[in-house]
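*Asks:* The structure's right below; bear with me while I get my questions together.
The values are calculated or read from the model by the stated rules, or taken from the named source; none is laboratory data. Owing to the predicted nature of the structure, the values given are computational and were not obtained by experimental measurement. Cβ: placed from backbone, ideal geometry, glycine included. Neighbour counts: every protein chain shown.
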Amino acid sequence: EAGVAQSPRYKIIEKRQSVAFWCNPISGHATLYWYQQILGQGPKLLIQFQNNGVVDDSQLPKDRFSAERLKGVDSTLKIQPAKLEDSAVYLCASSREVGDSYEQYFGPGTRLTVT
Amino acid sequence: DAKTTQPTSMDCAEGRAANLPCNHSTISENEYVYWYRQIHSQGPQYIIHGLKNNETNEMASLIITEDRKSSTLILPHATLRDTAVYYCIVRVNNYGQNFVFGPGTRLSVLP
């Protein structure tokens, strides 16, 4: 079974520029998550999708961040314009609910550096 | 905010058991205890989860106290590859509930 794929793995941009990240979840997983992980901290949920609908985006800075999951499969996360404090690893995860298990599978992440 | 507290860091000798504690004194009766780990430069990886009973799988054992206010993750024979940050999370297994990660415990397995 292929894992969660993310691209690019690394990105360096200047502040006020735009950037987009792509995620392809595990086949058949209806739920997709985007997390932001700042160095030294645990991952923080930005947005959760169930198929192509948003379940939770309460921690997404909507003035600059946007995300979509067209057709309920792949997803993109965009930052426009980027700030220095957006430097972090952006993780995508997917899950399917089976019984009492909500195990999440994470991708390798995209490391963003804003200069 | 995370509902759990964990030590910031721990060391363990290679080949010995690693016992990672987690306090979750405000856990609700319908909240599960999940453990994930994150090896350097990788995404977090699921280890194990449980509600009341102790659980064991090929990776680890999870021991939950009778009052459910704390738990311990046990890696029976730690190897150098088990060096990682370990996250303890409590979560209701309902649609829409997300995982709240704290800073975790940084486990260093020493040769």
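Residue-by-condition table, conditions (1) buried (at least 20 other Cβ atoms within 10 Å of the Cβ); (2) more than 10 Å from chain B (Cβ to nearest Cβ); (3) of a type in the set (Ser, Thr, Tyr); (4) on the phi > 0 side of the Ramachandran plot:
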position	(1), (2), (3), (4)
A:GLN50	no, no, no, no
A:SER66	no, yes, yes, no
A:LYS71	no, yes, no, yes
A:LEU77	yes, yes, no, no
A:LEU91	yes, no, no, no
A:TYR102	yes, no, yes, no
A:ARG111	no, no, no, no
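*Asks:* Picking from A:PRO61, A:PRO25, which residue would you name as being within 24 Å of A:TYR10 (Cα to Cα) and touching a strand residue (DSSP E or B) at 6+ places or on another chain (Cβ under 6 Å)?
*Replies:* Selected residue: A:PRO25, the only one of A:PRO61, A:PRO25 that is within 24 Å of A:TYR10 (Cα to Cα) and touching a strand residue (DSSP E or B) at 6+ places or on another chain (Cβ under 6 Å).
*Asks:* Take the residues in segment A:28-46 that are under 19 Å from B:ARG106 (Cα atoms) and facing chain B (nearest Cβ under 10 Å), then tell me which one is surrounded by the fewest Cβ atoms within 10 Å (Cβ to Cβ).
*Replies:* A:GLY40
*Asks:* Does segment A:4-32 hold any residues that are closer than 16 Å to A:VAL89 by Cβ and either at pLDDT below 95 or of a type in the set (A, V, I, L, M) (or both), and which are they?
*Replies:* Those that are closer than 16 Å to A:VAL89 by Cβ and either at pLDDT below 95 or of a type in the set (A, V, I, L, M) (or both): A:VAL4, A:ALA5, A:ILE12, A:ILE13, A:VAL19, A:ALA20.
*Asks:* From A:SER87, A:SER18, grab the single residue that is under 12 Å from A:LEU112 (Cβ atoms), away from chain B (no Cβ under 11 Å) and crowded, with 17+ Cβ neighbours inside 10 Å.
*Replies:* From the options A:SER87, A:SER18, the qualifying one is A:SER87.
*Asks:* Take the residues in segment B:50-62 that are within 21 Å of B:THR26 (Cβ to Cβ) and either buried (at least 17 other Cβ atoms within 10 Å of the Cβ) or of a type in the set (D, E, K, R) (or both), then tell me which one is nearest to the chain's Cα centre (by Cα).
*Replies:* Going through the qualifying residues, I end up with B:LEU62.
*Asks:* A further question on this structure: Within segment B:14-33, does at least one residue satisfy the condition of being small (Gly, Ala, Ser), farther than 25 Å from A:ILE38 by Cα and touching a helix residue (DSSP H, G or I) at 6+ places or on another chain (Cβ under 8 Å)?
*Replies:* Yes; the residues of segment B:14-33 include at least one that is small (Gly, Ala, Ser), farther than 25 Å from A:ILE38 by Cα and touching a helix residue (DSSP H, G or I) at 6+ places or on another chain (Cβ under 8 Å).
*Asks:* Looking at this structure, is A:LYS62 more than 14 Å from chain B (Cβ to nearest Cβ), more than 11 Å from the chain's Cα centre (by Cα) and over 28 Å from B:LYS3 (Cβ atoms)?
*Replies:* no
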